[in-house]
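To start, the structure itself, in structure tokens.
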Amino acid sequence: MGYDYKDKVIVITGGAGGIGSHLARDFASHGAKMILLDLNQKRLDALVAELPGTGHDSISLDLTDRSAIASAVQQISEKYGHIDVLIPNAAITTTDRFDVRSIESIEYELDINLRSPLLIIRSCIDLLKKSADARIITTVSLGGIFPLGETPMYTVSKFGLRGAMLSLSMDFASKGIKVGSVMPSATDTPMLQREAVEGGNSLQFMDPPQKTADVVKAFKKMLDKPRFEVYPKPSESWLVRIVMVVPSALPKLMPLFVGKGDRGHKRYLKELQSRGIAREVNGVWELIE
């Protein structure tokens, strides 16, 4: 039998973003009560207003602010009394190279991608324990297995988050909380679109970016049948894991991937242009606001 969403209280960080908003719409259509956390209150309000069903809520907060996290958890506790599914999903990345970016930007990316998911999880444990079937599912990335040279802090944060979730999966199993991670490759979201326009990592474009619907299916598969990890594209997961068996071979293998990635990057930019999302002006790509 599939997961029963009816009246389940589901909390998503980055709830107004590309993946988060699609999860919210799908889960709400099956009867779940959605609590969406995001920095952008305007987008949160617009999304919650269009969700099917009732009992939804949104909380605008800065995930780097511990007191804001504590306040949000307190609001959830007072209104709902428990959490059935917690999805720490919020993440950021930048195309700024490590040797030129600021110390503050490094700390901020680690705060959003690694520190905040762990703090959210720890802060919600008591509410999760009040559920008859508690779940934690994080949005990790194939970047948590395979190093991305142009975005090392994203790689650091996703390697760390994947390791933490595998550890918590074992620790929480005896405590009534099922823990797992979804491991998407490049997904056609506003974050990837911006990264593509700004340069990004060509390895992400070796294959056409997957759709958010593919990632939603992976989350639903995790809910239907809990496990440590789910990969929206199993073929990609096997490739990166095989390559990482011998990481010292990366310098020799990388040129084989880069050429294909560069070609895919160009195709994706042209696709964004055809969709009215990006344009090329004097040889420079930019997003269309």
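Key figures
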item: Cβ pairs under 8 Å, 6+ apart, first in the stretch 267-289 and in contact (Cβ under 8 Å) with a residue 40 or more places away in the chain, second surrounded by fewer than 12 Cβ atoms within 10 Å (Cβ to Cβ) and hydrophobic (A, V, I, L, M, F, W, C); result: I277/I288; A278/I288
item: Pair list, Cβ under 7 Å, 6 or more apart: the stretch 17-44 residue aromatic (F, W, Y), other residue crowded, with 18+ Cβ neighbours inside 10 Å; result: F27/Y5; F27/I10; F27/M34
item: Some residue of the stretch 45-53 being touching a residue at least 40 places away in the same chain (Cβ under 8 Å), touching a helix residue (DSSP H, G or I) at 6+ places or on another chain (Cβ under 8 Å) and in a helix (DSSP H, G or I); result: no
item: Matching entry among K233, K217 (being at pLDDT 90 or above and either within 20 Å of the chain's Cα centre (by Cα) or among the acidic types (D, E) (or both)); result: K217
item: So I145, is it under 16 Å from L36 (Cα atoms), touching a helix residue (DSSP H, G or I) at 6+ places or on another chain (Cβ under 6 Å) and not hydroxyl-bearing (S, T, Y); result: no
item: Residue check for P184: part of a helix (DSSP H, G or I), in contact with a helix residue (DSSP H, G or I) (Cβ under 7 Å, 6 or more places away or on another chain) and on the phi < 0 side of the Ramachandran plot; result: no
item: Some residue of the stretch 64-79 being surrounded by 13 or more Cβ atoms within 10 Å (Cβ to Cβ), among the hydroxyl-bearing types (S, T, Y) and touching a helix residue (DSSP H, G or I) at 6+ places or on another chain (Cβ under 7 Å); result: yes
item: Within the stretch 150-179, tally of residues that are more than 17 Å from the chain's Cα centre (by Cα), modelled with pLDDT under 95 and buried (at least 19 other Cβ atoms within 10 Å of the Cβ); result: 1
item: Filter result for V240 (out of contact with any Gly (no Cβ under 6 Å at 6 or more places or on another chain), surrounded by 17 or more Cβ atoms within 10 Å (Cβ to Cβ) and either at pLDDT 85 or above or on the phi > 0 side of the Ramachandran plot (or both)); result: no
item: Complete set of residues in the stretch 168-203 that are more than 15 Å from E271 (Cβ to Cβ) and hydrophobic (A, V, I, L, M, F, W, C); result: L168, M170, F172, A173, I177, V179, V182, M183, M191, L203
item: Unique residue being among the basic types (K, R), closer than 23 Å to L148 by Cβ and surrounded by 14 or more Cβ atoms within 10 Å (Cβ to Cβ) when the list is K266, K260, K220, K252; result: K260
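The values are calculated or read from the model by the stated rules, or taken from the named source; none is laboratory data. Everything quoted here is computed from the prediction, not taken from an experiment. Glycine also receives a Cβ, built like all others from the backbone with ideal geometry; neighbour counts cover every protein chain displayed.
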